[in-house]
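Here is the structure we will look at.
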Amino acid sequence: MGFYLAQVLTGLANAGALFMVASGLSLIFGVTRIVNFAHGSFYMIGAYIGYTLMQVLPGAVGFWGAIILAGVAVGLVGLVVEMLVLRPVYKAPELFQLVATFGVILVIQDLALLIWGPEDLLGPRAPGLRGVVRIMGEPIPKYDIALLVITPFVALGLWYLIARTRVGVLVRAATQDREMVGALGVNQAWLFSGVFALGTALAGLGGALQLPKGGADLLMDFNILTSVFVVVVIGGMGSLPGAYLAAVIISVVNVFGVTFLPQSTLVLIFVVMVLVLMIRPFGLFGREEVAGEHGQVGEPETPIHPAGPRVRLLVAVGLVILAMLPLYGSSFSLVLATDILIFCLFAASLHFLLGIGGLVSFGHAAYFGGGAYVAALLVTHANSPMELAFLLAPFGAGLAALIIGWICIRLTGVYFAMLTLAFAQLLWSLVFQWGEVTGGDDGLVNIWPSEWLKASTTFYIFTLIFTVGGILLMRHVAHSPFGYALRAARDSERRAEATGINTKRVRWMAFTLAGVMAGLAGGLFVFSKGSVFPNELEIARSFDALIVVFLGGVKTLAGGVVGGAFFKGVEEILTRFEYWRLALGLLIIFVVIVAPQGIVGTLRNMFRRHVKDET
Amino acid sequence: MLEVDTINSFYGKAHVLNDLSFSVDRGQVVALLGRNGAGKTTTMKSIMQMVVPETGRVSFLGQDITRKATHKVAKLGIGYVPEERRIFTDLTVMENMEVGRQPPRDGAVTWTEDMLFDLFPNLAERRQNRGKALSGGEQQMLTIARTLMGNPSFVLLDEPSEGIAPVIVEQMVNVIRQLKADGLTVLLSEQNLHFAQAVADAALIIEGGETKFHGTLEELNAHPEIRDAYLAV
Ligand SMILES: Nc1ncnc2c1ncn2[C@@H]1O[C@H](COP(=O)(O)OP(=O)(O)O)[C@@H](O)[C@H]1O
Ligand SMILES: [Mg+2]
């Protein structure tokens with residue numbers, strides 16, 4: 001009995017930081033309609049700033065003062081980010097805003113590395129709360145008790161602010177109809193900034209509060225993000241009570257999981273989440289979110305046409321040049337070109353899902369890494385020949401996409417995006433935690449291609465055939481009746497349904513096809529490298545693909561391919577520098593604000609203008 | 001008080017207001033008449049700068065307000081009552097009114113909640129009810145009350161009689177007369193000529209975003225052919 005009580009109490013204590021971060025995310029989304037991906041980053045700098053302040057400020061007053069000051073400082077950082085990065089993109093499609101927040105993540109990661117260094121920092125213990133208290137014989141850290149007490153007060157304070165003050169009234173009104181709030185004389189810009197500052201301050205507070213339990217490290221940002229998304233999905237976007245309840249559920253489940261099923265804590269959380277979603281698709285206290293006012297991928301553009309003769313010729317020439325690369329390129333350039341091709345196929349598969357299907361997946365790496373792991377597992381455990389393992393990679397990934405897609409396509413917009421990310425994290429944690437089979441962090445090595453493919457030249461040609469084949473296949477599908485149905489579902493669900501299109505099924509199939517193609521890329525990847533590690537399934541990998549699609553241009557069919565080539569090229573150059581994330585992040589933010597059509601879109605506009613000037 | 005000078009407004013490529021000009025004098029109630037789709041709502045949004053006219057200018061109290069932020073236009077004393085009501089359905093009646101609250105303004109009535117509950121007795125009983133629990137007529141009253149909380153000197157009323165019960169329409173007529181007596185200037189859009197006749201001093205008829213008639217209601221009544229051509233009666 002005492003044991004169970006202790007577990008529940010620990011869970012409740014852990015729920016504190018999670019609730020603060022999740023409620024901040026929820027608040028910001030409610031008013032600005034931006035899913036702040038950088039929210040984990042604000043949590044992380046909250047921890048770092050809190051750590052530094054605790055070093056400087058003495059005693060108990062210093063400790064608690066540091067926590068509050070950390071929250072304030074992070075809120076100020078949030079304010080600056082909102083004014084510099086988000087203000088210019090409020091009117092832009094959701095995807096652009098997301099990409100802008102990815103940029104912020106990268107910048108903050110490197111700044112944290114620059115300021116606090118790569119070592120994990122051990123959080124100081126709270127003065128006066130070092131020991132444990134015994135409750136029914138079970139030891140409970142005093143700090144846990146403190147958290148248990150503090151969190152409801154923070155929640156209550158927040159509730160009071162939102163439910164009882166004029167600011168709260170304005171926030172709730174803006175959540176419903178921000179244009180109308182403006183027409184009644186309220187300056188929305190300040191409301192947005194204020195809410196963003198408050199939301200990020202909460203994240204920072206959460207980060208600082210958990211210092212004595214978890215310390216500060218550079219992986220905190222992504223680590224908390226999954227839990228936060230799960231909390232928000234379970235609790236319902238925009239609901240404070242929902243965020244609190246879900247944070248408690250998740251934390252308690254987690255604590256019990258660690259005790260009883262240490263290998264599969266995350267799996268348990270996902271089971272809870274799927275159960276909730278089956279019963280209440282928009283979370284315990286949530287409601288359906290209408291897709292952003294400007295659509296997820298922007299306004300419908302000029303219809304895409306099959307390539308004209310000139311473009312076809314250009315592509316053919318390009319392919320010949322690529323096919324002849326072994327004749328004139330160095331072996332290094334062959335390896336690099338193989339990398340680029342694989343990445344292009346991966347990006348193109350996401351581009352298909354996002355551009356044609358309008359489905360913004362945040363977890364596409366699941367199928368890329370999934371394909372790679374399927375092949376690697378077959379080779380390692382079943383001694384399967386390379387050819388068979390390679391063929392089964394896309395099938396395995398496709399099967400995963402079929403199952404995960406079935407659940408995800410029930411939701412739309414931000415819920416869909418978060419759910420895809422959550423499932424990708426689930427796969428990642430499975431691979432990471434199930435060391436006996438997957439090798440865990442050490443990955444799977446010695447996954448080489450068969451003798452006849454060993455030479456880098458042959459493997460390059462092999463890769464070229466499969467990537468070009470895959471990309472052409474997706475192009476073909478995009479122009480087939482299925483592709484039209486998919487686009488119809490993207491542009492207007494209702495109209496598509498009215499013409500007899502089963503939009504759910506069409507989306508499900510598109511999700512699966514994109515998974516198959518990402519799996520194909522993953523299969524090529526594992527044999528080109530000879531190994532695979534869990535980071536191929538990471539959030540960061542999914543984000544890479546999203547950034548690429550965005551850089552290339554969402555609305556152009558070539559976007560994925562061009563963006564992929566550009567990204568790999570830039571990465572190749574940038575990763576030679578120590579702080580390449582900072583540079584890449586700034587580049588992304590710059591592109592979002594200055595050239596939101598992406599590379600292909602911008603080039604095409606320039607070309608059109610040029611043509612217009614001539615005639 | 002308000003001057004609209006040859007404005008042209010667009011939704012994307014659709015040209016909705018075509019060289020529209022008119023003015024409203026202090027203390028007047030002007031009816032903006034026209035069929036569905038004539039451009040009445042767009043005219044109001046163009047005044048609020050929720051739709052920004054591409055050319056032409058809108059001035060209020062002698063000040064150019066074209067391309068100003070909408071909240072700044074509101075702060076100058078223009079109150080907007082949208083046609084779809086757009087009350088905050090999750091907020092209570094009191095909270096809806098709170099959103100509209102602005103500091104007192106020279107030359108305009110300073111409204112308090114109690115004064116508004118006197119004006120709209122139905123709302124008084126429902127102050128703690130959420131917006132979504134109100135009837136259509138009550139929602140319409142709430143939209144007006146919410147706008148009056150901003151102590152405007154000029155109010156844009158977009159089809160206040162649309163979709164509400166006849167008794168409530170009667171009540172609306174009285175409310176508008178009372179507001180006029182308090183010195184408020186009103187631009188009121190209507191398809192319902194009877195309602196306009198009951199409250200307005202002057203009428204402006206638009207069709208396809210162009211002015212077709214501008215004069216007093218007596219003049220309009222003297223020309224039934226204009227009425228028949230541009231209004232659905
Ligand atoms: N948001 C919009 N986007 C595109 N066209 C619109 C939009 N709102 C109104 N319109 C068009 O503008 C014209 C004028 O509409 P509106 O000002 O609402 O007329 P009214 O209020 O007189 O009924 C109509 O043809 C309508 O279809
Ligand atoms: Mg209208």
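The values are calculated or read from the model by the stated rules, or taken from the named source; none is laboratory data. The model shown is predicted, which means the values in this text are computed figures rather than measured ones. Here Cβ is always computed from backbone atoms with ideal geometry, including for glycine, and neighbour counts include all displayed protein chains. Just the protein is used for accessible areas: all its heavy atoms, side chains included, with ligands, DNA and RNA removed. Shrake-Rupley method; radii C 1.70, N 1.55, O 1.52, S 1.80 Å.
Worth a mention:
- Selection within region B:162-196 - in contact (Cβ under 8 Å) with a residue 60 or more places away in the chain and more than 19 Å from B:Trp111 (Cα to Cα): B:Glu162, B:Leu187, B:Leu188, B:Ser189, B:Glu190, B:Gln191, B:Leu193, B:Ala196
- Applying the condition of being assigned to a loop (DSSP other than H, G, I, E, B) and in contact (Cβ under 8 Å) with a residue 12 or more places away in the chain to region B:117-134 and asking which residue is nearest to B:Arg177 (Cα to Cα) yields B:Phe120.
- On inspection, B:Leu148 fails the criterion of being within 16 Å of ligand 2 (Cβ to nearest atom), out of contact with any Cys (no Cβ under 6 Å at 6 or more places or on another chain) and modelled with pLDDT of 95 or more.
- Set A:Ala197, A:Ala163, A:Ala174: member being away from chain B (no Cβ under 14 Å) and assigned to a helix (DSSP H, G or I): A:Ala197
- Checked against the criterion of being among the acidic types (Asp, Glu), without any contact (Cβ under 8 Å) to a residue 40 or more places away in the chain and part of a loop (DSSP other than H, G, I, E, B), the candidates B:Asp106, B:Asp114, B:Asp90 yield just one match: B:Asp106.
- Number of residues in region A:375-387 that are open to solvent by less than 40 Å² (accessible area, probe 1.4 Å) and part of a helix (DSSP H, G or I) equals 4.
- Unmet requirement for B:Val73, which otherwise passes all of (1) over 24 Å from B:Ile226 (Cα atoms); (2) within 16 Å of ligand 2 (Cβ to nearest atom); (3) modelled with pLDDT of 95 or more: (2)
- Only one of the numbered conditions (1) surrounded by 19 or more Cβ atoms within 10 Å (Cβ to Cβ); (2) among the polar types (S, T, N, Q); (3) more than 14 Å from chain A (Cβ to nearest Cβ); (4) in contact with a strand residue (DSSP E or B) (Cβ under 7 Å, 6 or more places away or on another chain) is violated by B:Thr143, and that is (3).
- Residue in region A:111-118 that is of a type in the set (Val, Ile, Thr) and open to solvent by 50 Å² or more (accessible area, probe 1.4 Å) present: yes
- Among the residues making up region A:388-411, those that are touching a residue at least 40 places away in the same chain (Cβ under 8 Å), open to solvent by 50 Å² or more (accessible area, probe 1.4 Å) and either under 30 Å from A:Leu98 (Cα atoms) or under 21 Å from the mean Cα position of the chain (by Cα) (or both) are A:Leu402, A:Trp406, A:Arg410.
- Taking strands (runs of 3 or more DSSP E) as the structural unit, those lying wholly within region B:160-233 and holding at least 2 residues that are within 16 Å of ligand 2 (Cβ to nearest atom) correspond to B:185-190, B:202-207.
- Of the listed requirements (1) within 11 Å of chain A (Cβ to nearest Cβ); (2) within 27 Å of B:Ser23 (Cβ to Cβ), B:Met97 misses just one: (2).
Here's the yes/no breakdown for (1) within 16 Å of ligand 2 (Cβ to nearest atom); (2) loosely packed, with under 14 Cβ neighbours inside 10 Å; (3) modelled with pLDDT under 95; (4) within 14 Å of another protein chain (Cβ to nearest Cβ):
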site	(1), (2), (3), (4)
B:Thr6	no, yes, yes, no
B:Phe10	no, no, yes, no
B:Lys13	no, yes, yes, yes
B:Leu20	yes, no, yes, no
B:Arg26	no, yes, yes, no
B:Gly34	yes, no, yes, no
B:Gly37	yes, yes, yes, no
B:Met44	yes, no, no, yes
B:Ile47	yes, no, no, yes
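- Selection of region B:1-46 for residues being of a type in the set (Ser, Thr, Tyr) and touching a residue at least 40 places away in the same chain (Cβ under 8 Å) yields B:Thr6, B:Ser9, B:Tyr11, B:Ser21, B:Thr41, B:Thr42, B:Thr43, B:Ser46.
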